[in-house]
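Asker: One structure is given below, represented as structure tokens, and several questions about it will come after.
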Amino acid sequence: MQYPLQAWIEGHYARDCNEPLEKCPYEHGSTMALAWHRGWRNREQLDAAKDPEVEAGD
């Protein structure tokens, strides 16, 4: 399934701004909402995958 990139990016950045998952602006169950949630969760995975030492040395 191809997700709408715009919604995915919006979700990704909403997560960056500490928006809660419930703040999804799209109709529940729609493709846009699915993409938004995927982007939001992907941000979480990127955070988890980050090496803490790399961030500390920044």
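The values are calculated or read from the model by the stated rules, or taken from the named source; none is laboratory data. What you see is a predicted model, and the numbers here were worked out from it, not measured in a lab. Backbone-built Cβ (ideal geometry, glycine too); neighbour counts: all protein chains shown.
Asker: Filter region 17-43 down to residues that are loosely packed, with under 12 Cβ neighbours inside 10 Å and either at pLDDT below 90 or among the hydrophobic types (A, V, I, L, M, F, W, C) (or both), then give me how many there are.
Answerer: Number of matching residues: 1.
Asker: Still on this model: Of all residues in region 44-58, which are among the charged types (D, E, K, R) and either in a helix (DSSP H, G or I) or modelled with pLDDT of 80 or more (or both)? Can you show your working first?
Answerer: To start, the set of residues in region 44-58 that are among the charged types (D, E, K, R) comprises 44, 47, 50-51, 53, 55, 58.
The answer is 44, 47, 53, 55.
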